[in-house]
Ligand code: XMP
């Protein structure tokens, strides 16, 4: 399979570059700029993309490349810092821009030379997304100028004979019109990509690899019902069938019908599927507990205990499978940040389950690719497109003490919210949306009588990374339908509020 390397200089959009390349059906991997050149060369990439980064190339402490990289005969696309780095090494000159020369930020009208392969087939004029303080004052010998803006004469450069291209703007960001087309041009017109990265091929290769690795061994997987673990389970099921055991710990904190849906989805494979019905156990342990972090801890511990008990029944397993995906791999090792909430990730499993090796078949996939693979494997759409759901489930959406009655109330209200969103076809604009049963009661009037019942909060966010998020501008008529239905159909709720805080300062979940 052809491969492109995205060489990471610390820019904020690096994952996005890799995703764009993959969207063009070309496989790529993100590597640190510190990766030795011999290693990069040994992977025989068809092209290399230098990412942006926060440094200035003329700063002695800035991340650099081994100049021999320009002698490998491999096409290179430099983006922002990556472009300046290329110019700097090949005889150009990069300096700090000033307001009226070439420091640019945001959407910028840009003019392109469409004879250049990078801009082939595109309009001569378009908007690009800029974010640079430095600029190329002198372009290296052998390079042509192929784009400019009002403030900056050197927006894009190329040396087509060597396959070197550099752009000051960010083609990977959506605000750049036709940005993905430019990346596609680099891949197909310059690097000779054939588009051999498809989920169908990935599935066949991964199935063969898993079969070879596992042999006649046993595989154990903790299935949460989330997208990643479900797709990992489906893939391994396809590869080794009955040798796989999926343990689905049903903690009774799932949404309406969710446990049954997960179980039904896995019926089609001839695997060992264990649904550990642990609702009573979890609710018992959570009784009287009101503090969010304690709730998370209890659920995390019990989850592992139930999983371990099931694993013991199975006996010695050879492989433990996990649904780790590529962003987890790229992000790990970036240093610890403050713990706002201790996320209980059901992927993180106990050390004391007796196994010899871990299998992570989604390790190199982005989330949208995982979804594509899930479809390829025949998982139902509602599982594949499932929004993120926290490991502790509804326990952190029932504020304060948890009871079965409160959970049932929340489940029904949450279902109605999701149902109306689906009817209004708003799912794509809402990345995560759910209901929260607050611990507050207020006075209402229903029929001719006074009520004193719970307030339900609706929450919906629009986000790409879930680290920051904006509240979704849901149309009033949809909110109105949701509100009317919930107060009519769900007992013990007499007031609905909509959460209009972004993250930060709020978080997405209420607890
Ligand atoms: P917050 O509330 O921190 O949520 O803004 C960010 C994302 O993480 C999810 N979340 C969790 N996921 N265990 C999980 O597996 C948890 O304890 C947990 N808490 C929050 C949340 O749903 C959102 O997608």
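Scan the range 469-506 for residues that are in a loop (DSSP other than H, G, I, E, B) and in contact (Cβ under 8 Å) with a residue 24 or more places away in the chain and the total you get is 11. Would you please name the residue that is modelled with the highest pLDDT, looking only at residues in the range 319-355 that are in contact with a strand residue (DSSP E or B) (Cβ under 7 Å, 6 or more places away or on another chain) and either within 13 Å of the ligand (Cβ to nearest atom) or not in a strand (DSSP E or B) (or both)? Looking at the filtered set, the residue picked out is 322.
Scanning the range 463-498 for residues that are surrounded by fewer than 16 Cβ atoms within 10 Å (Cβ to Cβ) and within 16 Å of the ligand (Cβ to nearest atom) turns up 464, 465, 466, 467, 468, 470.
Restricting attention to the range 87-113, the residues that are buried (at least 16 other Cβ atoms within 10 Å of the Cβ) and outside any strand (DSSP E or B) total 8. If we scan the range 442-459, do we find a residue that is free of Cβ contacts under 8 Å to residues at least 12 places away in the same chain and either within 12 Å of the ligand (Cβ to nearest atom) or outside any strand (DSSP E or B) (or both)? Scanning the range 442-459 turns up at least one residue that is free of Cβ contacts under 8 Å to residues at least 12 places away in the same chain and either within 12 Å of the ligand (Cβ to nearest atom) or outside any strand (DSSP E or B) (or both).
This table checks each residue for (1) in contact with a helix residue (DSSP H, G or I) (Cβ under 7 Å, 6 or more places away or on another chain); (2) within 17 Å of residue 77 (Cα to Cα); (3) in contact (Cβ under 8 Å) with a residue 60 or more places away in the chain.
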| position | (1), (2), (3) |
| --- | --- |
| 93 | no, no, no |
| 97 | no, no, no |
| 103 | no, no, no |
| 114 | no, yes, no |
| 136 | yes, yes, no |
| 145 | no, yes, no |
| 150 | no, no, no |
| 154 | no, yes, no |
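Checking each residue in the range 386-417 for being without any contact (Cβ under 8 Å) to a residue 60 or more places away in the chain and within 16 Å of the ligand (Cβ to nearest atom) picks out 387, 398, 410.
Here is a check on your reading of the model: is residue 266 buried (at least 18 other Cβ atoms within 10 Å of the Cβ), closer than 27 Å to residue 238 by Cα and within 16 Å of the ligand (Cβ to nearest atom)? No; evaluated as a whole, the condition is false for this residue.
Among the residues that make up the range 153-160, is at least one of them in a strand (DSSP E or B) and under 31 Å from the mean Cα position of the chain (by Cα)? Yes, some residue in the range 153-160 is in a strand (DSSP E or B) and under 31 Å from the mean Cα position of the chain (by Cα). Within the range 363-377, the residues that satisfy the criterion of being part of a loop (DSSP other than H, G, I, E, B) and either within 16 Å of the ligand (Cβ to nearest atom) or at pLDDT below 95 (or both) are 363, 364, 365, 366. When 28, 80 are checked against the criterion of being under 20 Å from residue 193 (Cβ atoms) and crowded, with 18+ Cβ neighbours inside 10 Å, 28 stands alone in meeting it. The condition (being over 25 Å from the mean Cα position of the chain (by Cα), part of a helix (DSSP H, G or I) and in contact (Cβ under 8 Å) with a residue 40 or more places away in the chain) is satisfied by just one residue among 188, 165, 202: 188.
Scanning the range 205-234 for residues that are over 22 Å from the mean Cα position of the chain (by Cα) and assigned to a loop (DSSP other than H, G, I, E, B) gives 215, 216, 217, 218.
Quick grid of which residues meet (1) over 25 Å from the mean Cα position of the chain (by Cα); (2) within 16 Å of the ligand (Cβ to nearest atom); (3) under 30 Å from residue 1 (Cβ atoms); (4) at pLDDT below 95:
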residue	(1), (2), (3), (4)
258	no, yes, no, yes
261	no, no, no, yes
282	yes, yes, no, no
288	yes, no, no, no
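Here is a check on your reading of the model: is residue 288 on the phi > 0 side of the Ramachandran plot and not in a strand (DSSP E or B)? Yes: the conditions hold for residue 288.
The values are calculated or read from the model by the stated rules, or taken from the named source; none is laboratory data. Since this is a predicted model, take the numbers as computed values, not measurements. All Cβ positions, glycine included, derive from the backbone under ideal geometry; neighbour counts span all protein chains shown.
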